[in-house]
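These notes are about the structure you will find just below.
The values are calculated or read from the model by the stated rules, or taken from the named source; none is laboratory data. Just so it is clear, the structure is predicted and the values come from calculations on it, not from any experiment. Using ideal geometry, Cβ is built from the backbone for each residue, glycine included, and neighbour counts are taken over all protein chains shown.
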Amino acid sequence: MGVSTSSPGKGIARVTVDFPPVNALPVQGWYDLADALRAAGRDPEVRCVVLAAEGRGFNAGVDIKEMQRDAGHASLIGANRGCYEAFAAVYECEVPVVAAVNGFCLGGGIGLVGNADAIVASEDAVFGLPELDRGALGAATHLARLVPQHLMRALYYTSRTASAAELHAHGSVWKVVPRAELAGAALELAAEIARKDGYLIRLAKAAINGIDPVDVRRSYRFEQGFTFEANLSGVADRVRDTFGKEPRP
């Protein structure tokens, strides 16, 4: 359980997240993920990183129950800072990051894949931000990198999800495959990238980040300020207290 790094092929590092039952990461988990991604990117033998997850889904965001156990705001602050570091670690990784998404990719998961260089998804993958239903805000910055602006707003306000097929149609998902083929498809793309010159691929990553029209760190940090306001006003606790009590559709 936790975050682990393996070497499934020449020039490839695979960073795997495993926090049963739904990969809702505790505060320390976000920092551990950031550290693993940065370490993989610094390795001179690595030319591409695959970000993957074990279990039922890719990522269910932050561990809300950890926040509910905290009488103060330490867990909230820790989660916000941890997410900020993990999202930035994907974006700033010195080599391209391929996200291999299975099942659900929600909340903080959108922050991770929205900052990835490429996404391979299983047919059962769904993407969304249930933040308004969880007493939080944020990661619209990253959802806006996956779908057009008006669709992003509709998904954000409704907390609905979009399927892997929909994101593929919008061009943000590279390939959609049966779940059993996800690991292989992600490694296939990573291997193609890893065959490039190691120094040149790092220059390419830096160059592409340099021409990005959106400063993802600044815009996400701006969003986080509204999460703090929601908590200070008490509305976040009121909404979070309904978590897990919603009627099943």
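All but one of (1) out of contact with any Phe, Trp or Tyr (no Cβ under 8 Å at 6 or more places or on another chain); (2) in contact (Cβ under 8 Å) with a residue 12 or more places away in the chain hold for Ser7; state the number of the condition that does not hold.
(2)
For Tyr91, work out the one condition from (1) aromatic (Phe, Trp, Tyr); (2) surrounded by fewer than 20 Cβ atoms within 10 Å (Cβ to Cβ); (3) over 23 Å from Val239 (Cβ atoms) it doesn't fulfil.
(2)
In segment 166-184, what residues are of a type outside the set (Val, Ile, Thr), surrounded by 14 or more Cβ atoms within 10 Å (Cβ to Cβ) and closer than 12 Å to Ala125 by Cα?
Glu166, Leu167, His168, Lys175, Leu182
Assess whether Glu188 counts as being closer than 23 Å to Ala13 by Cβ, surrounded by fewer than 12 Cβ atoms within 10 Å (Cβ to Cβ) and either touching a Lys or Arg at 6+ places or on another chain (Cβ under 7 Å) or at pLDDT 95 or above (or both).
No; evaluated as a whole, the condition is false for this residue.
Of these, Arg81, Arg56, which one is assigned to a loop (DSSP other than H, G, I, E, B) and surrounded by fewer than 24 Cβ atoms within 10 Å (Cβ to Cβ)?
Arg56
Looking at segment 48-87, which of the residues that are charged (D, E, K, R) and out of contact with any Pro (no Cβ under 6 Å at 6 or more places or on another chain) is nearest to Ile119 (Cα to Cα)?
Glu54
Here is a list of conditions, (1) at pLDDT 95 or above; (2) surrounded by 18 or more Cβ atoms within 10 Å (Cβ to Cβ); (3) of a type outside the set (A, V, I, L, M, F, W, C), and Gly210 meets all of them except one; can you say which number that is?
Going through (1) at pLDDT 95 or above; (2) surrounded by 18 or more Cβ atoms within 10 Å (Cβ to Cβ); (3) of a type outside the set (A, V, I, L, M, F, W, C) one by one, Gly210 breaks only (2).
So, in segment 15-44, of the ones that are in contact (Cβ under 8 Å) with a residue 60 or more places away in the chain and farther than 15 Å from Ala79 by Cα, which residue ends up nearest to the chain's Cα centre (by Cα)?
Taking the candidates together, the pick is Leu37.
With (1) assigned to a loop (DSSP other than H, G, I, E, B); (2) surrounded by 23 or more Cβ atoms within 10 Å (Cβ to Cβ); (3) out of contact with any helix residue (DSSP H, G or I) (no Cβ under 9 Å at 6 or more places or on another chain) as the list, and Gly109 as the residue in question, which single condition is left unmet?
Tallying (1) assigned to a loop (DSSP other than H, G, I, E, B); (2) surrounded by 23 or more Cβ atoms within 10 Å (Cβ to Cβ); (3) out of contact with any helix residue (DSSP H, G or I) (no Cβ under 9 Å at 6 or more places or on another chain), Gly109 fails exactly one: (1).
Of the residues Thr141, Thr158, which is crowded, with 21+ Cβ neighbours inside 10 Å, farther than 20 Å from Pro26 by Cα and of a type outside the set (A, V, I, L, M)?
Going through Thr141, Thr158 in turn, the sole match is Thr141.
Tell me which residues, restricted to segment 25-35, are touching a Leu at 6+ places or on another chain (Cβ under 9 Å) and surrounded by fewer than 24 Cβ atoms within 10 Å (Cβ to Cβ).
Answer for segment 25-35, where residues must be touching a Leu at 6+ places or on another chain (Cβ under 9 Å) and surrounded by fewer than 24 Cβ atoms within 10 Å (Cβ to Cβ): just Asp32.
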